[in-house]
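Okay, structure first, notes after.
The values are calculated or read from the model by the stated rules, or taken from the named source; none is laboratory data. Computed from a predicted model, the values in this text were never measured in an experiment. Here the Cβ positions follow ideal geometry from the backbone for every residue, glycine too, while neighbour counts run over all protein chains shown. These area figures cover heavy atoms from the full protein model, side chains too; ligands, DNA and RNA do not enter into them. Shrake-Rupley method; radii C 1.70, N 1.55, O 1.52, S 1.80 Å.
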Amino acid sequence: MSRPAAVPLSVIRDDVRALHAYPVPASAGLVKLDMMENPYSLPAELARNLGEHLGTVALNRYPPGEPGEFKRRLRARSGVPDACAMLLGNGSDELIHLVILACARPGAVILSPWPSFAMYRMSACLDGCRFVGVTLQSDFRIDLPAMLAAIDEHSPAVVFLSYPNNPTGNLFDRAQIEAILEAAPGLVVIDEAYLPFARRTWMEDLPRRPNLLVLRTLSKLGLAGLRLGYLCGAPVLIEQFDKVRPPFNVNVLTLAAVDFLLDHFDVLDAHAATVRADRERLATELHSMAAIQVFDSAANFLLLRVANAAGVFAKLLQQGILIKDVSTVHPLLQNCLRVTIGTAEENAKFVHALRASI
Ligand code: PMP
């Protein structure tokens, strides 16, 4: 049998070869304010008890087919209406992919206001759908006439709304979202990744909105490393997404850790409250700097505009501060930088370094 003389790279799809993998920059030794992580880890005693609990988990067994009791507890904590079902994902990233995959008929369109979370577009493209981004207004509000026209023109299978929006930080207007829910011929996913900082939800609207799905994650609450997201909506819809879910997508350690921590969410909620207060403090401080424009944020990050984003980003990095340069992501984000709210000490270091960089 003849074997190829070279690596047969040509079997890989052209669009995949043209892609760059999702960038996760090296951050060792830096003040890490680039990925909207929560800066707080668990208190030492709680972490020790959690470790002990995880030591009892049977690692030789696959995760359960249906972690019913776990879901019941998570639902109760999350206020999921009784009439709705819930699907667990390996982070909400995976659930975005599963929703799109289940809807990926040839020619299907995935639509979102834009700029927004990169994975909506990336998953749509990887799953063979067409992505339509509807440009936001210059103040990052939804351009409703443009949105309704795009919905009419493209009949999207799924509309994604990041609530609040990443990377701009604002909460879209409720009445505008209601108009989108009315107009959309397919599904509307409201992505509440930043719920702990926005404290605005569409969860109670689920029972009377058959095309609505609410997506959440525990990542921003301080558990990003565990990778647990959940999607809520009509049982007949959730059932379809469950069919495209890889079996055992959420591992036993994640299930056990979250199950244990559900009794201690007051600790995580307190961390989120600190982040919210520190966001306001940091925003006030940045507002006082004449060379910077700061946008209102309901999330755990702030979007800033400076005169020369690439230069400021590089100077911050030289001083050991890693944030995110989003200035080339979209024309609306020209000269914009995104900074995650860290601890009070990290925020102070950021402000100090920023003053020396603008
Ligand atoms: N949705 C939005 C709007 C996000 O910004 C992010 C992560 N930055 C996610 C979903 C993904 O979160 P995870 O996969 O960690 O649950």
Response to the item:
Computed D for the chain, Stokes-Einstein, Kirkwood radius over alpha-carbon pairs, 10 °C, 1.306 mPa s, to the nearest µm² per second, is 73
Worksheet item: For R121, what is the net charge nearby, where nearby means another residue's Cβ is under 14 Å from its Cβ and Lys, Arg count +1, Asp, Glu -1?
Response: -3
Fill in: Mean Cα-pair separation over length for the chain, i.e. relative contact order, pairs under 8 Å, 6 or more apart, %
22
Worksheet item: Stretch F265-Q334 to full length: gain in nm at 0.36 nm per residue minus the Cα-Cα span?
Response: 21.0 nm
Discussion item. I'd like the accessible area for F265: 1.4 Å probe, protein heavy atoms, all chains in place, Å² to the nearest 10.
Written reply: 10
Response to the item:
Reduced to Cα centres, the span from the stretch 118-164 to the stretch 33-79 in Å works out to 33
Practice prompt. Return the Rg/Rh value of the stretch 36-189, two decimal places, where both radii are evaluated on C-alpha atoms and Rh is the Kirkwood radius.
Written response: 1.05
Worksheet item: Using the Cα atoms of the stretch 293-358 to build a convex hull, what is its mean projected area in square nanometres?
Response: 4.2
Worksheet entry | the chain, helix-only ellipticity at 222 nm - DSSP H runs n ≥ 4, -39,500 (n - 2.57), divided by all residues, nearest 500 | -11500 deg cm²/dmol
Fill in: P(r) weight above 17 Å for the stretch 93-164, C-alpha pairs, percent
37
Worksheet item: If the limit is 23 Å between Cα atoms, which of K220/K315; K315/K349; K32/K71; K71/K324 go over it?
Response: K220/K315; K32/K71; K71/K324
Worksheet item: Whole number please: convex hull volume per residue of the Cα set in the stretch 166-249, in Å³?
Response: 119
Worksheet item: Between E66 and A224, what is the label-to-label distance in nm when each label sits 7 Å out along the Cα-to-Cβ direction?
Response: 3.5
Fill in: Percent of beta bridges antiparallel (DSSP, the stretch 175-328, rounded to nearest 5)
60
Worksheet, complete the sentence: For T135, T201, the accessible-area ranking with a 1.4 Å probe, largest leading, is T135, T201
Worksheet item: Quick one: what do you get for the stretch 118-220 if you divide its Cα Rg by 2.2 N^0.38 Å?
Response: 1.03
Item to complete: Set the Förster distance to 35 Å, then compute FRET efficiency between D139 and S27 from the Cβ-Cβ distance, nearest 0.05.
Response: 0.65
Response to the item:
Rounded to a whole %, the carbon-and-sulfur portion of the accessible area of the chain at a 1.4 Å probe is 55
Worksheet item: In terms of solvent-accessible area of protein heavy atoms at a 1.4 angstrom probe, what is the ranking of Y22, Y120, highest value first?
Response: Y22, Y120
